[in-house]
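Following: one structure in C-alpha cells, then a few remarks.
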Amino acid sequence: MLRSRALIIAAICTLVACVVHLAYGPTRADFRELIIAFTVAFVAYLFIVRNGSISWSHLLTLAIGLRIALLFAQVTWTDDHYRYIWDGLCSVQGASPFALIPEELVVSDPQIFTPAHFSKLNSPRFYSVYPPVAQAVFAISAWVGGGDLWRSTLALRVIMVAFDLVAILLLGMLLAANTRRTQLVALYALNPLVLMEFTVNIHTEALMIAPTLAAILYFRRQLLNASAVFLAIGAAAKLWPLFFLAWIPSQLGIKQSVRFIGLVLGLFIVSWIPLYTTEMLPHFSSSLALYVRYLEFNGPLFEGLRWLFGDDVVKGTGLLSALTLIGLGAYSLFLLKTEHTNWPEAMLWLLAIYLIGAQAVHPWYMLPLVAFAPLTGWRWPVLWSLLIVPTYLTYASEPFTQPYWWLVIEYCVLAIFMGWEFWSKRARSQPAVC
C-alpha cells in the first residue's frame, strides 16, 4: 500500500515537473529536449490514470494546480495568439476583423496596429477565419490588455483555462454514474498535450469543447432547446460542431430534428450579426478556402494521395474536400440506420473523418477527440495525442520541413492500434452517456 502510494506521488511529481519544464523551457525548435520531456510526462500521465487510486477531489486539485502553474509561461510553440489579439484589437476599435487584412491596418493605423505586433503575425495577408465566440474572447482579452501583448495574452490564457476547467467538470457530470469516473476524466484533465496546447499555447479548440459537452449533457437530460443553444455556441467558437448535427435525425423525429437543427443554425447565424459588414462573407470564405486548400501539415490522406499521384492531382483541386464529404455523408447514413450510437461517439468519428481528410492536422486539432474518448471507450485518441507531438520536428530548422518519415510511423502505429480496438471490441463495452 505504501509502495503504491509512493509510486503515484512520484508519478504526479514527474508529470508536474515535466509539464512545467515544457512550458517554461524548450521552444518548438528544441526538438530533442521537447520530445524527451513530453514522453516522460506522458508515461507519468498514463501511470496516474491506470493506477486508479487518485480521488476526484485530488484530480481536480491537480488539474487546477497544473493550469495555474503554467499561467505565466511564454508562448514559444506557436504564434497564433498574436493574430487572436490582433483580431481582438479590431473589435475593440469598433472594426470588423473581417473587413481589412493586417497589411492594410498596419498602414492606416500604426499606433494601434503596431509594426512590432504586425511582424509577429503568421498570416498578415489573410482575412480572419475565427468565428464570433472566438472573436468575442479575443476582444475581451485585447480590452483587458489595453494594447499590451503580454497582458492581453495572459487575459486570453485565463479565459481558455476557465473553459478548459468547465470541460473537466462537465465530463465529471456526464460520467457521474460511472464507477471509473475519476480515471476517465483524468484521460483529458491530465493529458500533457491538452495542458500545453490550451493553457500554454492557448488554441481556440478549448472554446469549443466545453459548450459541446454541455450540449451532450442537456440532450441527455432531454432539454433539447438548451442543448441546441450550447451546440450553437460551440459552432460559433469553432465550426466543427456543425458536423455533429448529422447524429440528430437518428434520435429525433422529423419535426423535432428540424426544430433542433434549425435552432442551432439560426443561433449560429445570429451570432455573426455584431461582426457583419458587406464584405464579411466573401472575405471570410476566401480565407477559409485558402486555408483548406493550401495549408499543409500532417494530413494523412493528403500526404498519401500526394505521394501516389503528385501535387497537381491533390493540392487545391477539391479532391480531398470531395472525399471528406463522401466520408461524412456515408457515416451520416450509417448513423440513420444505427440508432444505438451515442452522440459522443458520433462526434468522435465525424471529427475524425474530417481530420483524416484535412490537408493540415496540427497537434491541437485532435484534442476534442481526447475530450470525447472518456465518453466512448475508444483510446486511440489518447495514443494520437502522443504520436502527433513529433510533428513539431517541422520547426526544428529553417526553412520548415515536415518529418515525412515520422508521418509514416505516426499513422501506421495509429492505424494498427485502431484496428486492434475494433477487433477487441473493448470500446463497445462502455455504457452510452446519451
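Figures for the structure shown
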{"item": "Computed E for Thr277/Ala360 - FRET, C-beta separation, R0 41 angstrom, nearest 0.05", "result": "0.90"}
{"item": "Residues Glu33 and Phe72, FRET efficiency given R0 of 22 Å [Cβ-Cβ distance, rounded to 0.05]", "result": "0.65"}
{"item": "Cα centroid separation, the stretch 102-176 to the stretch 51-87 (Å)", "result": "16"}
{"item": "Area of Arg180 that stays accessible when all protein chains are in place (1.4 Å probe, Å², to 10)", "result": "100"}
{"item": "Extension gain from Asp109 to Phe400, taking 0.36 nm per residue of separation minus the Cα-Cα distance", "result": "101.6 nm"}
{"item": "Above-threshold pairs, the threshold being 26 Å between Cα atoms, out of Lys238/Lys315; Lys120/Lys238; Lys315/Lys337", "result": "Lys315/Lys337"}
{"item": "Distance histogram in 5 Å bins (all Cα pairs of the stretch 265-366, percent per bin)", "result": "2, 11, 16, 17, 17, 17, 12, 6, 1, 0"}
{"item": "For Glu296, net neighbour charge (Lys/Arg +1, Asp/Glu -1) across residues whose Cβ lies under 9 Å away", "result": "+1"}
{"item": "Mean projected area in nm² (Cα convex hull; one quarter of hull surface) for the chain", "result": "21.1"}
{"item": "Mean Kyte hydropathy of -1.0 or more with a Cα span along the axis of at least 24 Å, helices from DSSP in the chain", "result": "2-24, 31-51, 149-174, 319-337, 404-424"}
{"item": "Debye intensity ratio in log₁₀ form over the Cα atoms of the stretch 300-434, taken at each q of 0.13, 0.14, 0.20, 0.22 Å⁻¹", "result": "-0.63, -0.72, -1.32, -1.48"}
{"item": "Overall dimensions of the stretch 10-154 as given by Cα atoms, namely Rg and Dmax in Å", "result": "19.0, 59"}
{"item": "FRET efficiency, 1/(1 + (r/R0)^6) with R0 45 Å, evaluated for Ala6 and Lys337 via beta carbons", "result": "0.30"}
{"item": "Accessible area, probe 1.4 Å, largest first, for residues Lys255, Lys315", "result": "Lys255, Lys315"}
{"item": "Residues whose placed amide H lies under 5 Å from that of Asn298, excluding near-sequence neighbours", "result": "Val361"}
{"item": "Residue-span extension gain [Asp312 to Arg151] - 0.36 nm each, minus C-alpha spacing", "result": "53.5 nm"}
{"item": "Residue-averaged [θ]222 nm for the chain, counting only DSSP H segments that reach four residues, each worth -39500 (n - 2.57)", "result": "-20500 deg cm²/dmol"}
{"item": "For the chain, with +1 on Lys and Arg beta carbons and -1 on Asp and Glu, the positive-most of Ala235, Ala360, Met173 along the dipole", "result": "Met173"}
{"item": "Area of Met347 that stays accessible when all protein chains are in place (1.4 Å probe, Å², to 10)", "result": "0"}
{"item": "The stretch 102-116 - phi-based ³J(HN,Hα) in whole Hz, Karplus 6.51/-1.76/1.60, Gly and Pro as x", "result": "x, 4, 6, 5, 5, 7, 7, 8, x, 6, 8, 9, 6, x, 5"}
{"item": "For Arg67, solvent-accessible area (1.4 Å; no DNA, RNA or ligand), Å²", "result": "0"}
{"item": "Equivalent ellipsoid, the stretch 1-74 (semi-axes from 5 times Cα gyration tensor eigenvalues, Å)", "result": "24, 15, 8"}
{"item": "Cα-centre dipole for the chain with unit charges at Cβ (Lys and Arg positive, Asp and Glu negative), debye to 20", "result": "1640"}
{"item": "Compactness of the stretch 287-347 - radius of gyration and Dmax, Cα, Å", "result": "14.7, 42"}
{"item": "Scattering profile of the stretch 108-188 at q = 0.14, 0.19, 0.20, 0.21 Å⁻¹ [log10 I(q)/I(0), Debye over alpha-carbon scatterers]", "result": "-0.65, -0.91, -0.96, -1.02"}
{"item": "Additional length obtainable on full extension of the chain from Cys412 to Arg180, 0.36 nm per residue less Cα span", "result": "80.5 nm"}
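The values are calculated or read from the model by the stated rules, or taken from the named source; none is laboratory data. Keep in mind that this is a model prediction, so the values were computed, not measured. Heads up, the Cβs are rebuilt from the backbone with ideal geometry, glycines too, and the neighbour counts pull from every protein chain shown. Surface areas here come from the heavy atoms of the whole protein model, side chains and all, with no ligands, DNA or RNA. Shrake-Rupley method; radii C 1.70, N 1.55, O 1.52, S 1.80 Å.
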